[in-house]
Amino acid sequence: MIATYRRILSLLSRRDRRNFAILVGLMLAAGAAEVVGVAAIIPLFAVISDPAAVTDNDLLSRLYAWGGFEDTRGFLGALCLAVFAVLLVSVAVRVVTVYATARFTRGIVLTLAQSLLTKYLRNPYEWYLSRHSADLAKTLLAETREVVNGSITPAMRFISDGIATATMVLFLVRLEPLGALMTAALVGGAFALLYWRLRGLLERIGEDRRVANRERFQIAQEALGGIKDVKVMELEEGYIRRFHDPSRRLARHQASMDLLAELPRHGLEAIGFGGMLLFLFFLLSTSQGDPGTVLPVFGAFALAGLRLLPTVQTLFRSSTQMRFNRTALEALFRDLRETTAPAPRPAGDRVLPLDHALALEGIRYSYPGAAGASLEGIDLTIPARTSCGFVGSTGAGKTTLVDIVLGLLPPQAGRITVDGTAVDGTNLRAWQRSIGYVQQSVHLVDDTIAANIAYGVPPGEIDMDQVARAARMAKLDAFADTLPDGYMTKIGERGTRLSGGQRQRIGIARALYRDPEVIVFDEATSALDTVTERAVMDAIGALSGRKTVLIVTHRLSTVAACDQIVVLGGGRVEATGSYEALSRGGGTFGKLLEGAGAA
């Protein structure tokens, strides 16, 4: 349990730790208020059992005189009101503590989710190559809430209830040492033994709950993300069956945890009631049967027992919840504390322009865990405002090379230079601000055409003149003009209301929105039919001489008009030249031509 608190504190920000300390102080005040509320009943019961106590007891006699009472009846009524007022104050302090605790823990949900998203987004692209997006989404959206609800909230409740229990037990020990110690040993020992026996089971089912939840997210993402394939291939029932098993395991483990947490409640009630009877017998035996001395002490113990029984039960529930969710807390801790490469320096308004040439010198790259290098000894020079196509068979290294140019993958040897300036961590963001990128599957959001072109720009900051300019360059303006709402037309989730060519033109317009120096097309026309590809290529061809255009493709017709074509094979440059020159040279390009002709 100490390890759990260490983990929780390590996840909190400095501000949250300060609020945590304030909250603990409030919990101490709530514990003291509980004790005062119980202690206030002792003088009341003393007067009820023996009215002569008003004159025999120094405190009561002073209060009687101070209030100017003329009889015991009036004093007893005032005492009842005073005790009730004290109990109300005690309840008020407890309610404030509960509210403050809830505000604190709910705020941590936001803090953890924000910290986790920040961590994920600032990780280098290479980090994502070994991660599953469904697992990241599950951790971000579900596990952070589970950690707060299942670990942090119970931990705070455990402190609050622990303080209340400890202060009450200390008060009872002061009031009647032997009876209080016997009761605390009996109840505390029973709970400690039960928790010790259950902790291994709680941790095992807690780990499987986390795994089952991850499987649910992954299956749901697969089914809903590929809904066309699911419908066409009649896979609905298969996905429903696959989703059922982890869902059933998750529900079973949650039910088991709830049962184990509630297990001692009924037994505790029986122990508490039996203990009160035994304690009453003990008091009567030691007081020679004088009810005047027995009733105040027994009344205080009875009221304390009524307060402590639910508190002790909550203590046990909190401890089982923390144990059950310990693996989720550890996983979140690992994600937030994982060491990654330092983020590139922010670009601000800086741009690294390309005016003369982009050069790749001795580039080498190997994916983590791969047996060999994906790129080896790449030397290229691409003049500014020219077009360069990258072709080669599958696995030749085309996309890897482009990812290095984009700054997504760091070369393990060699360097990239822009007009002679090496691209590194100090200027990588400035270089990326000079690049527009269009991939094969353009990621579209359920928003307007304008919002998709100005992707990532807040709605109130979208420059509609820039949107229109980029759309004209991408040959999208004619289509937008046919729509009733023009660029403010909603396109549906993932652009389901658009054709493939229209989606690609939006991708090109997005790449052009920030007026970059370099445009990279990564298999941007591979999924299009011949007619649509020709229309998209006309939009790309219009950029010739105005932008530096890099095209990755497996269709040779796509790069026929490029100023330079680079042929890759086995992670190396096999040939460079114009389409006509390479067509006469045979080699890998000749085989690609033969394959294209056969197709």
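The values are calculated or read from the model by the stated rules, or taken from the named source; none is laboratory data. Because the structure is a prediction, the values reported are computed rather than measured. Note that each Cβ is placed from the backbone with ideal geometry, even for glycine, and that neighbours are counted across all protein chains shown. Accessible surface areas use protein heavy atoms only, side chains included; no ligands, DNA or RNA. Shrake-Rupley method; radii C 1.70, N 1.55, O 1.52, S 1.80 Å.
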>> Can you tell me which condition Pro154 does not meet? The list is (1) open to solvent by less than 40 Å² (accessible area, probe 1.4 Å); (2) not in a helix (DSSP H, G or I), and all the others hold.
In response: (2)
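If I ask for residues that are touching a residue at least 40 places away in the same chain (Cβ under 8 Å), open to solvent by 30 Å² or more (accessible area, probe 1.4 Å) and within 30 Å of Ala302 (Cβ to Cβ), which ones from the range 189-213 would you list? Reasoning before the result, please.
Just the residues of the range 189-213 that are touching a residue at least 40 places away in the same chain (Cβ under 8 Å), to begin with: 190-191, 194-195, 198-199, 201-203, 205-210, 212-213.
Still in the running and open to solvent by 30 Å² or more (accessible area, probe 1.4 Å): 190, 194-195, 199, 201, 203, 207-208, 210.
Hits for the range 189-213 are Ala190, Leu194, Tyr195.
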>> Restricting to the range 539-579, name every residue that is among the hydrophobic types (A, V, I, L, M, F, W, C) and not in a strand (DSSP E or B).
In response: Ala539, Ile540, Ala542, Leu543, Leu556, Val559, Ala560, Ala561, Cys562
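For Arg503, are the conditions met, namely being in contact with a helix residue (DSSP H, G or I) (Cβ under 9 Å, 6 or more places away or on another chain), within 20 Å of Gln432 (Cα to Cα) and either outside any loop (DSSP other than H, G, I, E, B) or at pLDDT 85 or above (or both)? Can you show your working first?
Values: in contact with a helix residue (DSSP H, G or I) (Cβ under 9 Å, 6 or more places away or on another chain): yes; within 20 Å of Gln432 (Cα to Cα): no; either outside any loop (DSSP other than H, G, I, E, B) or at pLDDT 85 or above (or both): yes.
When the stated conditions are applied, Arg503 does not pass them.
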> So is Ile42 open to solvent by 60 Å² or more (accessible area, probe 1.4 Å), farther than 30 Å from Arg334 by Cα, aliphatic (A, V, I, L, M) and not in a loop (DSSP other than H, G, I, E, B) or not?
Replying inline: no
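Return the residues of the range 157-179 that are in a helix (DSSP H, G or I) and of a type in the set (Asp, Glu); say none if nothing qualifies. Reasoning before the result, please.
Here is the first cut: in the range 157-179, the residues in a helix (DSSP H, G or I) are 157-175, 177-179.
Correct list: Asp161 only.
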> Which pairs do you get when a residue that is under 15 Å from Ile219 (Cβ atoms), found in the range 246-262, comes within reach of a residue that is charged (D, E, K, R) and surrounded by 14 or more Cβ atoms within 10 Å (Cβ to Cβ), reach meaning Cβ atoms under 8 angstrom, with the pair 6+ apart or on two chains?
Replying inline: Pro246/Glu215; Pro246/Arg216; Ser247/Arg216; Arg249/Asp208; Arg249/Arg209; Leu250/Arg209; Leu250/Arg216
> What residue, among those in the range 385-404 that are closer than 17 Å to Gly436 by Cα and open to solvent by 50 Å² or more (accessible area, probe 1.4 Å), is modelled with the lowest pLDDT?
Replying inline: Thr399
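Yes/no per residue for (1) part of a helix (DSSP H, G or I); (2) within 28 Å of Ala46 (Cβ to Cβ); (3) modelled with pLDDT of 75 or more; (4) polar (S, T, N, Q):
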| position | (1), (2), (3), (4) |
| --- | --- |
| Phe301 | yes, yes, no, no |
| Leu306 | yes, yes, no, no |
| Phe316 | yes, no, yes, no |
| Ser319 | yes, no, yes, yes |
| Leu332 | yes, no, yes, no |
| Asp335 | yes, no, yes, no |
> Leu9 passes all but one of (1) surrounded by 17 or more Cβ atoms within 10 Å (Cβ to Cβ); (2) under 30 Å from Ala155 (Cα atoms); which number fails?
Replying inline: (1)
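Is one or more of the residues making up the range 55-65 modelled with pLDDT of 80 or more and in contact with a helix residue (DSSP H, G or I) (Cβ under 7 Å, 6 or more places away or on another chain)? So that I can check it myself, show each step before the final result.
As a first pass, look at the range 55-65 and keep what is modelled with pLDDT of 80 or more: none.
No: the range 55-65 contains no residue that is modelled with pLDDT of 80 or more and in contact with a helix residue (DSSP H, G or I) (Cβ under 7 Å, 6 or more places away or on another chain).
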>> Please go through the range 467-486 and give me each residue that is closer than 10 Å to Ala509 by Cβ, touching a residue at least 12 places away in the same chain (Cβ under 8 Å) and not basic (Lys, Arg), ordered by number.
In response: Val467, Ala468, Ala470, Ala471, Met473, Ala474, Leu476, Ala480
> Name the residues in the range 116-151 that are more than 17 Å from the chain's Cα centre (by Cα) and not in a helix (DSSP H, G or I), would you?
Replying inline: Pro124, Leu129, Ser130
>> With the requirement that a residue be open to solvent by 40 Å² or more (accessible area, probe 1.4 Å), closer than 28 Å to Arg503 by Cα and either out of contact with any Lys or Arg (no Cβ under 9 Å at 6 or more places or on another chain) or of a type in the set (Ser, Thr, Tyr) (or both), what does the range 405-431 give you?
In response: Leu408
> What are the residues in the range 223-250 that are among the hydrophobic types (A, V, I, L, M, F, W, C), modelled with pLDDT of 85 or more and open to solvent by less than 60 Å² (accessible area, probe 1.4 Å), if any?
Replying inline: Leu250
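Yes/no per residue for (1) open to solvent by less than 50 Å² (accessible area, probe 1.4 Å); (2) in a helix (DSSP H, G or I):
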| position | (1), (2) |
| --- | --- |
| Glu34 | yes, yes |
| Leu60 | yes, yes |
| Glu70 | no, no |
| Val83 | yes, yes |
| Ser90 | yes, yes |
| Val98 | no, yes |
| Gly107 | yes, yes |
>> Six or more apart or on different chains, Cβ atoms under 6 Å: show the pairs whose first residue is in the range 398-420 and more than 20 Å from Glu517 (Cα to Cα) and whose second is in a loop (DSSP other than H, G, I, E, B) and open to solvent by less than 20 Å² (accessible area, probe 1.4 Å).
In response: Lys398/Gly392
> Just checking, which of Arg534, Arg584 is at pLDDT 75 or above and of a type in the set (Lys, Arg)?
Replying inline: Arg584
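In this structure, is Arg210 under 14 Å from His253 (Cβ atoms) and of a type outside the set (Ser, Thr, Tyr)?
Spelling it out, Arg210 is indeed under 14 Å from His253 (Cβ atoms) and of a type outside the set (Ser, Thr, Tyr).
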>> Any residue that is open to solvent by 50 Å² or more (accessible area, probe 1.4 Å), of a type in the set (Asp, Glu) and touching a residue at least 60 places away in the same chain (Cβ under 8 Å) - is there at least one of those in the range 374-384?
In response: yes
> Among the residues of the range 449-506, which ones are open to solvent by 20 Å² or more (accessible area, probe 1.4 Å) and polar (S, T, N, Q)?
Replying inline: Gln466, Thr482, Thr489, Thr496, Ser499, Gln502
> Exactly one of (1) at pLDDT below 85; (2) within 24 Å of Ala359 (Cβ to Cβ); (3) open to solvent by 80 Å² or more (accessible area, probe 1.4 Å) is unmet by Leu543. Its number?
Replying inline: (3)
